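Working notes for the structure below.
The values are calculated or read from the model by the stated rules, or taken from the named source; none is laboratory data. Treat the numbers as computed from the prediction; the structure is a model and nothing was measured. As a convention, Cβ positions derive from the backbone with ideal geometry for all residues, glycine included, and neighbour counts pool all protein chains shown. These area figures cover heavy atoms from the full protein model, side chains too; ligands, DNA and RNA do not enter into them. Shrake-Rupley method; radii C 1.70, N 1.55, O 1.52, S 1.80 Å.
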Amino acid sequence: MSGRALLMWDEAVTKYDFGPSHPMDPVRLALTMGLVRAYGLDRAVDVVAGRPAGESTLRLVHREDYVAAVRAASENPRAADQSYGLGTLDDPAFPGMHEVSAMIAGQSVGAAEAVWRGEAPTP
């Protein structure tokens with residue numbers, strides 16, 4: 001272990017876009033990473049891009065039909081299945097929704113695995 005903190009980052013997470021009026025605007029992620037870089041903090045940590053979570057990993061938390069609904073909404077946002085809360089004001093559907101969601105989940109899994117393997121320091 002290097003003893004350096006681990007920062008999971010991939011520009012792909014900024015594609016998580018519920019629209020300009022939604023509070024989870026991806027600009028918050030881009031601006032945060034911009035600050036990290038501006039202050040040189042990215043040189044003080046190990047910046048690592050995780051892999052997108054695969055189907056079996058997503059199904060540890062979500063039912064198969066929900067994963068399929070997100071995948072379908074990703075391909076055709078206008079036909080999102082609102083019975084899953086997709087395509088609503090709170091959870092608007094957007095192109096690439098499944099892929100970026102899998103990336104974000106994969107970043108979390110990657111961080112947890114790095115801690116488990118002793119590749120990232122813990123308090």
Counting only residues in segment 99-123 that are polar (S, T, N, Q) and either in contact with a Gly (Cβ under 8 Å, 6 or more places away or on another chain) or within 17 Å of residue 54 (Cβ to Cβ) (or both), the one least open to solvent (accessible area, probe 1.4 Å) is identified as 107
Number of the exception - residue 108 against (1) small (Gly, Ala, Ser); (2) touching a residue at least 40 places away in the same chain (Cβ under 8 Å); (3) farther than 18 Å from residue 11 by Cβ: (3)
Only one of 80, 68 that is among the aliphatic types (A, V, I, L, M) and open to solvent by less than 40 Å² (accessible area, probe 1.4 Å): 80
Under 6 Å between Cβ atoms, at least 6 apart or on separate chains: pull out the pairs that start in segment 29-58 with a residue that is on the phi < 0 side of the Ramachandran plot and end on any residue that is acidic (Asp, Glu). 36/42; 49/10
Filter segment 1-51 for residues that are modelled with pLDDT under 90, among the hydroxyl-bearing types (Ser, Thr, Tyr) and surrounded by fewer than 14 Cβ atoms within 10 Å (Cβ to Cβ) and give the result. 2, 21
Can we say residue 59 is over 25 Å from residue 11 (Cβ atoms) and exposed (fewer than 13 other Cβ atoms within 10 Å of the Cβ)? no
